[in-house]
Structure formats: structure tokens, C-alpha cells
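One structure is given below, encoded as C-alpha cells.
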Amino acid sequence: MKIELKHLEKKFPDAAPISDVNAVINDGDIIAVIGPSGTGKSTLLRCINMLDPPTGGQIFIDGIEITNNKANFGKLRRKIGMVFQSFNLFSHLTVIENIMLALTELKKMSRQEAYDIAIEQLQKVGLADKALAYPEELSGGMKQRVSIARTLAMDPELILLDEPTSALDPTMVREVESVICNLAKTGKTMVIVTHEMRLAKAISNRIFYLDRGVIYEDGTPEQVFNNPQRERTRAFVNNLKVFKYRFKTNNFSYDDYASKFSEYIENNELEAMSKASLRSVMEHIATEFVPNHMSQNDTVSIVAELNPESKKVKMLVYYSSNSSDNLTEMTAILSPLVSTITTESIEDEDFDFKAVCMI
Amino acid sequence: MDFSRLKKLICPFVVMMLLFGTMIPAAATDGEINSLEDLKGMKVGVLTGTVFDEITQENIEDVEVCYFNSNSDIATALDEGKIAAYVTDAPIARSIKNAHEDHVVLKQISSEDYGFIFKKNDSQSAELCKQFNEFLAESRENGLLDKIDAKWFGKDESAMVIDYSAVENGNGKTLRFATSTSTGEPFAYMKDGKRVGFDIEIAVEFCKSYGYNLEIDDYDFAGIISAVQSGMDDFGSSCITITEERKKSMLFSDPDYSGGTVVVIKDVCAEALATGVEAEETGFFASLGESFVKTFIKESRWRLFLNGIVNTMFITVVSIIFGTIIGFSDYLICRNGNKVANSVTNVLVGIVQGMPVVVLLMILFYIVLGKTGLGGTWVAVIGFSLTFGASVFKMLKTGVGAIDKGQNEAAFALGFNSTRAFFRVILPQASYHFLPILRSDIVTHIKSTAIVGYIAVQDLTKISDIVRTRTYEAFFPLVATAIIYFLLEGLLVLIVKKVQILTDKKRRAPEKILKGIKTK
């Protein structure tokens, strides 16, 4: 199943999780949608099967626009399966009836045919012995496996998985993940929203990094995880703890700045040495460089990135003019305090120059 | 429903009632009452809707008037000491004395004329009234009136019957006659399951001589006047005193009987004598047996009770069925947030639930459906269907509201449309939330039908009123009625529980779930 999204937009009265999403999902694609919380990942999924109809833009499924044809969407929706974060099993029915219901009601199968399909799907997720149990008797992991079996029983061409492991205890994540990995091998088109980077890497052939309502970066897992092209993607996939501050004029409030960076330093786990050097770099920029060398119309921006795995801190200093005197001054101020420092010219709207230091 | 539990519930209740009934002493009368002056500042009972309250206040200084709905209640209240005296018509006082020997007339305070009432300012009614007056004059001349008088005020119990055959299946126009058998002997009362009495026989004789058919509607005393005023009934009577004030709102016939108003008190000496004798002669259980015979066996009164039960159950069950249909269909229309349907429903539910059911019933009976001539039973069915429908609607709203919206989404994602998702996924789950509420609502519902007596329906409560008017005994018929209600409630709850179990999918046996499917 091929899906095209054109200028997709979804607004709620008090939020606009999706502002402009454009993408083409090809038949057989397995796409992992990742990104920070609240950036509309789930909303994107719910727009694709019209649970939350988009407020703007178009969706084409196999070349047919569904956004202007809500009435006939019911039949098409049978070809799109969805697995929910909260399972949503029908609590008044047994496991086997949960799977059989749509087959007998919508596909008009006989009860025997429906049962045969249902039990086969249950066997695939290893729960055939729970056929007559009620959902409330199952663990979270089992419920999600039943829910996947229920989705697969309808033989969908596209499967949407909305954070399938987020509501599970850590001990149950694996059993559901292995079911999803098996599912990925069947060649069905899949879109999965997940916070498990490991799972995203393992099953997908494409990653959508969603941020602030748009697909900020779209690439293969290797590219997005190992060599992200854009800054926010990099910070997200490396799980970087970022501190940002922008000096606009030299009469800024030092107290405000100091309280912000102190908070950042104290809230992140750092070795005592790094803490001390980071603090002194922060202070020197504000007390030496900004008051003495920054001209009235210039802007200086600093970004500190902490990698929680290596415990290393990378410091980026952006400067808005390429005056060589100022560069020399900054290098002179910072180099005694950091282990390495490199400088380079950049082409950016706001900045001409960047210094990268490792602390 | 296990009845042993029900028994456990009822037994202590009955025992308590028995104890209280025998132990509470008469309190309102301190000292002897020898004249009207002695009643100053005391409570005096009268029948609601009569003119006795006015007469009482004119004749007794600084008196507190208490209103009752039947003469049997008044007699019981005097026995229990809740009132010091009551004011009523002389003939009624005489018939109460048959059951309560210690009730004695203190003084006759006025003489009154009684007449039949017709609708005022209505040419047809005026015509009918004229006819009736002609009939009265004739009867007075030819001795018919005297004969009737002698019959109902005489001692020959066996003569006190009315032959209805001439006014039941004739070809003439049917007149509807409003009366109240709670008024008591000898004017209008129930005997052997038939309405008899002085006033009723006059109505029958009148219809006979003018070729009308007669249909009798049985109200509370106060209801007679509303029924005639609204045109529901063509004429009415039940020992109605002719007064100037009433003449302003009703058309009175010439008097058919002249009597007087009397003040009745309890003779303390007679009471002491009576209880002393009784204690020696009859034990507690013997008097209970006697009450049982009086209430159920004598004059086959059990038939009346049976009729009352049938009426109560008919109104309850039919209104539950209609109410469920109304509430459910309305919910289906409102389910998807249709604005017009929702606001109309909200207003209707507000109106129906915002007023006492008895007021709703009377508005339906006298005003909305007054001209349709629909009988009280069907008006009650309509009224109670509306109230039950309103509560079914609210119940569904609450029940469905309790279901997680993920259930709907999962059904949609599988390809269900909204209607199918509702019936196959949402409703079965919502039923777990609303069936228990429904069960308690049904018990409330059957109890609330006890007010249909206001619109001339003889349900169980009304029958117990009527029987009490004959026996002038409060305790036994009331307890018996309470027990019958308990049993009826138990029966209905039993049925709902059965339905609940049958529809509860979680209670199915495992082999039933996969019935007809070959499992490997």
C-alpha cells in the first residue's frame, strides 16, 4: 500500500501537533516515527487512518484521495490495521471472540472460518492457550500480543503501531518487540511510532524524525542514528542534554545567565572535573569575552551538549561577525580552559563563525 | 432473588410495626371534652376538599385543622390520638360508629344540603342538570327518593345492592360519573367489589329513567371536583355539601339529601370499657385473624386486592417497556451529538423529572389529555413511560460515558461503522454499568405508581384505601399492602436479575462460547 501525505495539517483548539507533513510511504516500507514528546507522532498515525481527520492537506492511499471522501472510508479502513498503546481489547469478549468479531461481523465469515483464522493468529503470537480468557485476566504484554493478532487477522495491507510498548512494564517489552520483529519480516507496509530506538533500528528501513509538526529529517536508520544531518536530530538520537544561551547585547543580566547554567550543571550527572571546567568556560565567556570584545550589534550564542553515555561535554560558540580580532580573543580566552578547540566559518542566517570545544 | 433474604428483611419490619401499633398511647387529648370550648387549640380532622374546614373554624375557636384523604384515616387518627375530634356529615359519622363504637357525636354544628355537581358555564351540562332536577322532583313525588333513603339508611344489609344492568349496555349516550368510594357509607363505598351507596343509586336511577349508560370514575374526594370542572366527567357526587363559594365554580343540582355537620370525639369511658373487655376475650393473634377476615375475606375483598395488584403491575410493566423503548430510541437519536435532538431531549427530561410525578399525572389527566377521554390507567402508563424513559436515557448516557473511548477507536480501526460499534462493542460493556441502576430504578418505579389513585385508577394503594374506608381499620390493610409491594418488587427484581445474567457474556460456560465450532 502506497501512502502520500501532502501538506498535512492537524489543529486542535489549543494545539497544532502537525503543521506541514509531506512524505511518500512506499509499498513494503517499514517506517519508524521518532521524535520528542508532543510533536504529533501519534496524531500523524491517527490522521492516516482518519481516527483524527486532518484539518488541512491531503492523504492519498494507492493514488486515491481519502481526505475528501470520508463516507467511503469504512471499507478502506479494514485494510489498515492499528495497534494502540493502550491495547483497547473489548473487555466483554474472550480473547478468541475479540479476534473473531470483526471477521464475522464485517467480513461475513462463518464462525468456523473466523475461528480458524483467529486461532492461527493466536498461535503466531504464542497465546493459543489463552483463547477463552478475558482480557482482564491477561498481563499487559499478552494483551498487546492479542491486539496485534486481532489486527493481523483482518489481513491488513498497512499496519499502524502507536507506541505499542509504551504502556508495558519493562519486563514485558521484549515479548511484544519480538512479535513486532516477526511481523516486520512479512513484508507488509508498517508505520510504527516508538520511543524504543533499539526497536526502530532493528526493524525499519526508514526513519521519520518528527519535530515541531514537520518531518525534520527522513533517512535510513544508519543515516539518522549514526550520521544525523541536522542539529536537533543529532541531539535527539544521541539523547544529548543541551544548554543554550544567546547574548544579544553586552548589557545582559549576568544573574539570570548564571542561575540558568548552574541549574544545568547541577541537574546533569558530570564528573567533578568537567563540572568545574564547564563552569569556568561559562563564566569566562560572560565576564571576559562578552563585555570586552562583543560589539553592540553582534550576537553570541553558546550551546553545551552533554552526552550522557560518554559523559563528555561539547561546547559550541556561535558568533555573528567574522572579525579576526574577536576570533583570536575568543580562542585566547577559551583554550586554557578546554581540552581541544577548533574554529570554522559557517554560512548561517544569524552566524558567520563557530568555535567547537571539547571539555 | 432468594426469598429467605426477603423474609429476613420483612419479618423484623412487621414485628416492629406490630409493636409500635399496639404500644404507642393516645396522646392528643388530655382531660375530658364536654363542649366545643374544650376543643380550643386542639387538632381537628377533616376530609380534604370538603367544606368542613370552614365550618370547623367558624364554630370552634383557635382550632388547628388537619386534612385527611379518607374517612377511615380520620377515624384511625382519632383512635391513635393524633386528633382530638373530627368534623363530618351526620350519616357518615353514623356509619363510622358501626366500626368504632367509642366515637360519639359531641354536637351538631350546622345543617347542610347535599347535591350533585355539573360543569359550570356549559350549555350541555346545564341541560343535563335541568334533567336531573326534573328527575329529583319526580322521585320526591312518586316516593322513589324515600325508598332509596330507607334502603341505605336502614338496617337491612342484604338490600343494599344496586342493579347496574339497565345502565350498562343500553343504546343511549354514556354519562361519566365522578364519585369517591373513599367517602364511605352510606353515600358511596365498595361492597362485594361493586360501587354502591345512596348517591350512586340516585345516579343509576337517573340514567335508567332517561336512557343513559353510566360509567363510574372513582377519585379521591377532591378529585371529583377537578374531574367535573375539566369536563373529564359529566357529573359527580359523593356527599357534596352545597355552599355559596362552591356555587361560583360549579353548577349544583337541587339538594338530594339534607343532613348536618357533626363534631365527633372519642368517648374515654367507652374506650376503657371496650379495651378491657377485648383484652379478656380476644388475644393478639385472634384479633389479627379477625382483621385478616375483614380485610380480605369479607365481601370477597381479596378480589379488589387482586384487581389492584393487576392494575399496579400493568402500569408498572407496560410503562417500563414503553419507557425503555422511548429512552433507548431517544438516546440513539441523540448519541452522535445532534444538537436539535439533544436540546429537545434536555428540555423534555427537565420538565418530566423537574416536577413531582403526581403533578405530572394530574396535568396529563386533566389538561393535556383531558379532552381525549383516555382512561386513568392509560394516562398513568403514558406518564410513567415518560418518567421511566427519562431515567433510561440518563442511565444510558452515564453507562456509555463510562466506557473508554479507546474501545470505539479500536472498533473504528477494525472497520466498524458508528452504529455497529455501538451495538457490538459499546452497549454490551455499558450494560455492566447501567443494569444495576436499572434494577434499583424499577423498585423505585413500582413504588411511585402508588399515586395513580389521584387520577381514578384503582391500584393496590387505592384499593387498600377503599378497603380501609369500609373496615375503618388502618393497621392490618396497610401492613398487608406493604408486604404485597415487597413481593411484587421481589418478583420484578428477580426478572431483571435473570435478564442481567442472560446478557452477561462473562457468565457463559466456556463450552457455550465456541458452540458449533470445531476446535482441533
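The values are calculated or read from the model by the stated rules, or taken from the named source; none is laboratory data. Bear in mind the structure is a predicted one, so any value in this text is a computation, not a measurement. Neighbour counts run over all protein chains shown; Cβ positions are idealised from the backbone, glycine included.
Which residues, counting only those in the range A:139-165, are within 12 Å of another protein chain (Cβ to nearest Cβ), touching a strand residue (DSSP E or B) at 6+ places or on another chain (Cβ under 8 Å) and among the β-branched types (Val, Ile, Thr)? Hits for the range A:139-165 are A:Thr151, A:Ile159.
Scanning the range B:411-450 for residues being at the interface with chain A (Cβ under 10 Å from one of its Cβ atoms), of a type in the set (S, T, N, Q) and part of a helix (DSSP H, G or I) gives a total of 3.
For (1) without any contact (Cβ under 8 Å) to a residue 12 or more places away in the chain; (2) within 34 Å of the chain's Cα centre (by Cα), each residue gets a yes or a no:
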| site | (1), (2) |
| --- | --- |
| A:Lys75 | yes, yes |
| A:Val83 | no, yes |
| A:Phe90 | no, yes |
| A:Val95 | no, yes |
| A:Thr104 | yes, no |
| A:Lys108 | yes, no |
| A:Arg111 | yes, no |
| A:Tyr115 | no, no |
| A:Gln123 | yes, yes |
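When the range B:365-402 is filtered for residues that are surrounded by fewer than 18 Cβ atoms within 10 Å (Cβ to Cβ) and within 14 Å of chain A (Cβ to nearest Cβ), only B:Ala402 remains.
Can you name every residue in the range B:399-410 that is out of contact with any His (no Cβ under 7 Å at 6 or more places or on another chain) and part of a helix (DSSP H, G or I)?
B:Val400, B:Gly401, B:Lys405, B:Gly406, B:Gln407, B:Asn408, B:Glu409, B:Ala410
Which numbered condition in (1) modelled with pLDDT of 85 or more; (2) over 13 Å from B:Val262 (Cα atoms); (3) within 29 Å of the chain's Cα centre (by Cα) is the only one that B:Asp62 fails? Among (1) modelled with pLDDT of 85 or more; (2) over 13 Å from B:Val262 (Cα atoms); (3) within 29 Å of the chain's Cα centre (by Cα), the lone unmet condition for B:Asp62 is (3). If the condition is being of a type in the set (Gly, Ala, Ser) and modelled with pLDDT of 90 or more, then the range B:337-388 contributes B:Ala341, B:Ser343, B:Gly350, B:Gly354, B:Ala380, B:Gly383, B:Ser385. Look at (1) on the phi > 0 side of the Ramachandran plot; (2) touching a strand residue (DSSP E or B) at 6+ places or on another chain (Cβ under 6 Å) and you find that B:Ser180 fails only one, number (1). The sole residue among B:Ser226, B:Ser238 that is at pLDDT 85 or above and in a helix (DSSP H, G or I) is B:Ser226.
The rows are residues; the columns are (1) modelled with pLDDT under 85; (2) outside the structural domain of B:Tyr212 (by TED's automatic domain parsing); (3) hydrophobic (A, V, I, L, M, F, W, C).
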residue	(1), (2), (3)
B:Cys66	no, yes, yes
B:Ser70	yes, yes, no
B:Asp73	no, yes, no
B:Gly81	yes, yes, no
B:Lys107	no, yes, no
B:Phe132	no, no, yes
B:Glu138	no, no, no
B:Trp152	no, no, yes
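From B:Asn336, B:Asn307, B:Asn311, which residue is of a type outside the set (A, V, I, L, M, F, W, C) and farther than 22 Å from B:His445 by Cβ? Step by step, each of B:Asn336, B:Asn307, B:Asn311 is checked, and only B:Asn336 is of a type outside the set (A, V, I, L, M, F, W, C) and farther than 22 Å from B:His445 by Cβ.
With the requirement that a residue be over 16 Å from B:Thr183 (Cα atoms) and crowded, with 20+ Cβ neighbours inside 10 Å, what does the range B:209-225 give you?
Within the range B:209-225, the subset over 16 Å from B:Thr183 (Cα atoms) is B:209-215.
Result: B:Tyr212, B:Leu214.
Residues to consider are B:Ala509, B:Ala480; find the one that is within 14 Å of chain A (Cβ to nearest Cβ) and closer than 30 Å to B:Leu438 by Cβ.
On the way: B:Ala480 fails: within 14 Å of chain A (Cβ to nearest Cβ).
Among B:Ala509, B:Ala480, only B:Ala509 is within 14 Å of chain A (Cβ to nearest Cβ) and closer than 30 Å to B:Leu438 by Cβ.
Is it the case, given these coordinates, that A:Asn68 is part of a loop (DSSP other than H, G, I, E, B) and either over 28 Å from A:Asp218 (Cα atoms) or touching a His at 6+ places or on another chain (Cβ under 8 Å) (or both)? First the steps, then the outcome.
On the way: part of a loop (DSSP other than H, G, I, E, B): yes; either over 28 Å from A:Asp218 (Cα atoms) or touching a His at 6+ places or on another chain (Cβ under 8 Å) (or both): no.
Criteria not met by A:Asn68.
Scanning the range A:21-44 for residues that are in a helix (DSSP H, G or I) and either within 20 Å of A:Gly187 (Cβ to Cβ) or of a type in the set (Ser, Thr, Tyr) (or both) turns up A:Ser42, A:Thr43. Based on what the data block shows, is A:Gly63 facing chain B (nearest Cβ under 9 Å) and either over 30 Å from A:Val242 (Cα atoms) or surrounded by 22 or more Cβ atoms within 10 Å (Cβ to Cβ) (or both)? Answer is no for this residue. Among the residues of the range B:451-460, are any more than 14 Å from chain A (Cβ to nearest Cβ), at positive phi and buried (at least 20 other Cβ atoms within 10 Å of the Cβ)? Within the range B:451-460 (the criterion being more than 14 Å from chain A (Cβ to nearest Cβ), at positive phi and buried (at least 20 other Cβ atoms within 10 Å of the Cβ)), the answer is yes, since at least one residue qualifies.
Taking the criterion of being surrounded by 14 or more Cβ atoms within 10 Å (Cβ to Cβ), among the acidic types (Asp, Glu) and over 15 Å from B:Ile446 (Cβ atoms), the only residue of the range B:486-520 that qualifies is B:Asp504.
Residues that are more than 30 Å from B:Ile216 (Cα to Cα), touching an Asp or Glu at 6+ places or on another chain (Cβ under 7 Å) and not polar (S, T, N, Q) occur at least once in the range B:436-454. For the range B:26-35, state whether one or more residues are without any contact (Cβ under 8 Å) to a residue 12 or more places away in the chain, within 30 Å of the chain's Cα centre (by Cα) and not in a strand (DSSP E or B). Scanning the range B:26-35 turns up no residue that is without any contact (Cβ under 8 Å) to a residue 12 or more places away in the chain, within 30 Å of the chain's Cα centre (by Cα) and not in a strand (DSSP E or B).
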